[in-house]
Amino acid sequence: AAMVQKYQSPVRVYKHPFELIMAAYERRFPTCPLIPMFVASDTVNEYKSEDGAIHVIERRCKLDIDAPRLLKKIAGVDYVYFVQKNSLNRRERTLHIEAYNETFSNRVIINEHCSYTVHPDNEDWTCFEQSASLDIKSFFGFESTVEKIAMKQYTSNIKKGKEIIEYYLKQLEEEGITFVPRWTPPVACKSESSTSHPRRPVSPAINIPESATKEGLSSKEILNTSSSPSEPTAGTPDDKLDADYIKRYLGDLTPMQESCLIRLRQWLQETHKGKIPKDEHILRFLRARDFNIDKAREILCQSLTWRKQHQVDYILDTWNPPQVLQDYYAGGWHHHDKDGRPLYVLRLGQMDTKGLVRALGEEALLRYVLSINEEGLRRCEENTKVFGRPISSWTCLVDLEGLNMRHLWRPGVKALLRIIEVVEANYPETLGRLLILRAPRVFPVLWTLVSPFIDDNTRKKFLIYAGNDYQGPGGLLDYIDKEIIPDFLGGECMCEVPEGGLVPKSLYRTAEELENEDIKLWTETIYQSASVFKGAPHEVLIQIVDASSVITWDFDVCKGDIVFNIFHSKRAPQPPKKDSLGAHSITSPGGNNVQLIDKVWQLGRDYSMVESPLICKEGESVQGSHVTRWPGFYILQWKFHSMPACATTNLPRVDDVLASLQVSSHKCKVMYYTEVIGSEDFRGSISSLESSHSGFSQLSAATTSSSQSHSSSMISR
């Protein structure tokens, strides 16, 4: 199987003019002592324009790859040849470098593109960027070895690139060269060039309207923000990450980690409709999946869908925790630890979890924990600025003094597990360290219940102290400055965290009250998730009795591309047989996947299509409705969208190869919600349906199942 590896660098900024960087760059040829594997290079082709502005040079480079002797023997070569084509444009002040391998080009395809350009904000600085792809078709059964060697060599060269330029800049400086004049057109052909390039070096003429459009844009942005707060204007495509920014705000990343971050961020900018998370948050999802870009993208998309459904982006600004929480939830932020991480103190032992769940329901408790996490993200960002280094996680200090059997109340533990699960899924890699103090005898019991729900990476960060051990060596003082150890732990710092205590029974609400108030768990949301496989769509049946009902749907495509269809049939499809599902469930672990349309049914005879198929790409959210013209059975179908083969050429295009690799998992994921609204339930005319879509995603979980036509609708209440 072919493997494609891609690399995209951040922007590297040299605080030197383009011409000087070029002088340094040229010194790498024909050989370069700093790159021992670069044995030789010969010029194969060269072109210079008459005026000297354009210089294209093609070289054949001979590399001595650092590979095991045995592999070189098997491959039958000592050296690997690359072709490198450099196109220098002195007028535009750009250098483009294209390189590809000549050796083994039928087994391995390596392409690299680099560019040196002028910094957009400072014409005396130079930007460097590079991207590359490696595709190993076959290599005598050593594909993965070759891949490892290639990646290792490549990443070490990336690091070297900067050193080399700096080395030659220094060499130039020692020779007294600190300035290289810019290219100017030869004097003789001045009149001619001014006719062929009318006003090439323009400045004021273009600048005036440009600044005007900038102002126009800003007023438009102001309008935008007021009308739809959920859609901030997207980042511009030239909004790229530069290496210095990454080091300062995100930390020391390897070249491949930087590349993953840049590619995932670019993918979000191109495909994601809503708010794009901050760089440090994207990085957390990558870390949580060891920089496997596809896995990270999947959990990040699920989290973005979840944030949108539950309006998490607005929690800090719009949600006020109920008074009970403010009084009895014994947790709060307290300065920072020795590493500059925000510190959260939780006096779990003093907290009446049972009372809180009974008085509030889980919903409000979960909301509160989410608002704490959102505040944590905000504090990390602030501390990154204050301490001058990246801080992406917080430390949590949990005091268990007072923990007893009451804390093991099952619904309370269940609420805790659900909260942990939601936090693990949506705030990965945010917990830098968890200090558990004064663990009592019942703690191990609680721990065995809770620990399976906690990610291994997270679990490594737990430190547990029994009794007063935290005061001894290796204790709290190793992690937290003496001045801020809270008073209740024997320190001298007044800690503002509420003391907790028992929630008065008078504040408890009855189960019925909790039911009626609709605070049924919103994590068991009204959305259901389904898996769609190649050859196995997911289908939902809706029976319509009253002809002019409205079927509405709202779904998010979490993974893969799908085609959405809606069909009508006069007769009921057979309920799916248990065994066929059993057979299929082997391939779909835990995936909700149901087929209803009988294999022998023919489209046009047994069932008909009532809406044209809709292709939905990964990351899209789709809302829509269909006014039913006939009673009978409607089937909503989410089907795997397969790539059309490239018919025009026999050779696969690179894009097609990449695309087919991307969907090689042949599994898509959808989160959907459907509801039927009876015509009499629907206030206002059918045509106003479009405008009220936004209401559907908040519809109550109490609606009857969609197979009954007159489900109670929130809109009519």
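Among the residues here, Ile165 does not qualify as open to solvent by less than 50 Å² (accessible area, probe 1.4 Å), of a type in the set (A, V, I, L, M) and outside any helix (DSSP H, G or I). Residues in segment 132-146 that are in a helix (DSSP H, G or I) and either open to solvent by less than 30 Å² (accessible area, probe 1.4 Å) or in contact with a Ser or Thr (Cβ under 8 Å, 6 or more places away or on another chain) (or both): 1 in all. Within segment 21-43, residues that are open to solvent by 70 Å² or more (accessible area, probe 1.4 Å) have Cβ atoms under 8 Å from residues that are at pLDDT below 90 and in a loop (DSSP other than H, G, I, E, B) in these pairs: Pro36/Asp64; Asp42/Pro30, counting only partners at least 6 apart in sequence or on another chain. Could you tell me whether Gly472 is more than 30 Å from Lys308 (Cβ to Cβ) and in contact (Cβ under 8 Å) with a residue 60 or more places away in the chain? No.
For Lys170, the criteria (1) part of a helix (DSSP H, G or I); (2) modelled with pLDDT of 85 or more; (3) open to solvent by less than 90 Å² (accessible area, probe 1.4 Å) hold in every case but one, which is (3). Listed conditions (1) open to solvent by 30 Å² or more (accessible area, probe 1.4 Å); (2) within 19 Å of Gly331 (Cβ to Cβ); (3) modelled with pLDDT of 85 or more are all met by Gly490, apart from (2).
Working carefully through the options Glu174, Glu98, Glu143, find the one that is more than 22 Å from Ser9 (Cα to Cα) and under 34 Å from the mean Cα position of the chain (by Cα). Let's see the steps before the verdict.
Numbers: Glu174 fails: under 34 Å from the mean Cα position of the chain (by Cα); Glu98 fails: more than 22 Å from Ser9 (Cα to Cα).
So the residue among Glu174, Glu98, Glu143 that is more than 22 Å from Ser9 (Cα to Cα) and under 34 Å from the mean Cα position of the chain (by Cα) is Glu143.
Among the strands (runs of 3 or more DSSP E) confined to segment 556-642, the ones with at least 3 residues that are open to solvent by less than 30 Å² (accessible area, probe 1.4 Å), at pLDDT 80 or above and not charged (D, E, K, R) are located at 562-569, 632-640. For segment 149-161, residues that are in contact (Cβ under 8 Å) with a residue 60 or more places away in the chain and open to solvent by 70 Å² or more (accessible area, probe 1.4 Å) total 1. Selection over segment 276-287 of residues that are under 30 Å from Gly361 (Cα atoms) and open to solvent by 30 Å² or more (accessible area, probe 1.4 Å) gives a count of 0.
So, Glu483, is that one open to solvent by 30 Å² or more (accessible area, probe 1.4 Å) and either within 30 Å of Arg307 (Cα to Cα) or modelled with pLDDT of 90 or more (or both) or not? For Glu483, the condition - open to solvent by 30 Å² or more (accessible area, probe 1.4 Å) and either within 30 Å of Arg307 (Cα to Cα) or modelled with pLDDT of 90 or more (or both) - is met. Across segment 288-324, the qualifying residues are those that are within 10 Å of the chain's Cα centre (by Cα) and among the charged types (D, E, K, R), and the one among them that is surrounded by the most Cβ atoms within 10 Å (Cβ to Cβ) is Arg297. Restricting segment 214-248 to residues that are more than 21 Å from Asp313 (Cα to Cα) and open to solvent by 90 Å² or more (accessible area, probe 1.4 Å) leaves a set whose member that is modelled with the highest pLDDT is Lys247. Evaluate the following for Tyr344: is it surrounded by fewer than 19 Cβ atoms within 10 Å (Cβ to Cβ) and of a type in the set (Phe, Trp, Tyr)? Answer is no for this residue.
Does Thr448 qualify as being at pLDDT 90 or above and among the hydroxyl-bearing types (Ser, Thr, Tyr)? Lay out the reasoning, then the answer.
Numbers: at pLDDT 90 or above: no; among the hydroxyl-bearing types (Ser, Thr, Tyr): yes.
Against the criterion (at pLDDT 90 or above and among the hydroxyl-bearing types (Ser, Thr, Tyr)), Thr448 does not qualify.
Go over the candidates Glu421, Glu401 one by one and state the one that is over 24 Å from Ile299 (Cβ atoms), charged (D, E, K, R), open to solvent by 50 Å² or more (accessible area, probe 1.4 Å) and at pLDDT 80 or above.
Values: Glu421 fails: over 24 Å from Ile299 (Cβ atoms).
None of the other options fit; the residue is Glu401.
The values are calculated or read from the model by the stated rules, or taken from the named source; none is laboratory data. Everything quoted here is computed from the prediction, not taken from an experiment. No Cβ is skipped: glycine too gets one built from the backbone with ideal geometry, and neighbour counts run over all protein chains shown. Heavy atoms of the whole protein, side chains included, go into the accessibility calculation; ligands, DNA and RNA do not. Shrake-Rupley method; radii C 1.70, N 1.55, O 1.52, S 1.80 Å.
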